[in-house]
Every structure is written in C-alpha cells, then in structure tokens.
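Here's the structure we're looking at; comments come further down.
The values are calculated or read from the model by the stated rules, or taken from the named source; none is laboratory data. Please read all numbers here as calculations on a predicted model, not as lab measurements. Glycine also receives a Cβ, built like all others from the backbone with ideal geometry; neighbour counts cover every protein chain displayed.
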Amino acid sequence: MEWVSVNDRLPKDNEYVMLTLHRKTMPPRVLPGKYVITCFGIGVFYAAGFRAENVTHWMSVPEAPCKQLLPEGRSFLTPNS
C-alpha cells in the first residue's frame, strides 16, 4: 500500500483509512480515521471522533491478518460456544 495525496485522489465514502496531518506548529502525525461524504456532498476526514483538518495524504487500511485465522462462520463479535 502506498500513500495517496489528497490532491490526486480521495477515498471512497465511509472508507477507513490511515491519514497524515501536517500543521506548521506540529510535526506530521499519522492517525487512523474515516472519510465521509456529507449530505451536502462535501468529503470530510474524521480521526478520533473529530473532523481532521490539514490532511495531506491517506492510505487504505489493510485487512487484518487475524480475520483469516478465524474458523469459518465465526467473528470477533460472537461469543465462544
């Protein structure tokens, strides 16, 4: 996976991503977040429940390797039986 500039392309609606924030007063930060297209058709990044501003790049979140290790039909949300 590679970092994508927000100037080149944006994620799909409701896609979970890793994003980079760059502010003049702080070093760049990498955070997990989500990209949402609002009812007004405006795309917004969220991180930690807040609107993330100054996002410069994003990357899709890869599939978790442990999901492949679960028995068929099981999920992390179902209790052991």
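Taking region 23-73, which residues are at pLDDT below 85 and either among the polar types (S, T, N, Q) or under 22 Å from Asp8 (Cβ atoms) (or both)?
Residues satisfying the conditions are Arg23, Thr25, Pro28, Pro62, Gln68.
How many of the residues making up region 22-62 are surrounded by 11 or more Cβ atoms within 10 Å (Cβ to Cβ), of a type in the set (A, V, I, L, M) and assigned to a strand (DSSP E or B)?
The total comes to 9.
Check off (1) under 12 Å from the mean Cα position of the chain (by Cα); (2) more than 22 Å from Met1 (Cα to Cα); (3) polar (S, T, N, Q) for Thr38 and give me the number that stays unchecked.
For Thr38, the exception is condition (1).
Of the residues in region 17-50, how many are touching a residue at least 12 places away in the same chain (Cβ under 8 Å) and either small (Gly, Ala, Ser) or in contact with a helix residue (DSSP H, G or I) (Cβ under 7 Å, 6 or more places away or on another chain) (or both)?
Number satisfying all stated conditions: 4.
Quick one: in region 1-21, which of the residues that are loosely packed, with under 14 Cβ neighbours inside 10 Å and charged (D, E, K, R) is nearest to Ala64 (Cα to Cα)?
First, the residues of region 1-21 that are loosely packed, with under 14 Cβ neighbours inside 10 Å: 1-3, 5, 7-9, 12-14, 16.
Checking which are charged (D, E, K, R) leaves us with 2, 8-9, 12-13.
Numbers: Glu2: 17, Asp8: 26, Arg9: 24, Lys12: 19, Asp13: 20 Å.
The qualifying residue nearest to Ala64 (Cα to Cα) is Glu2.
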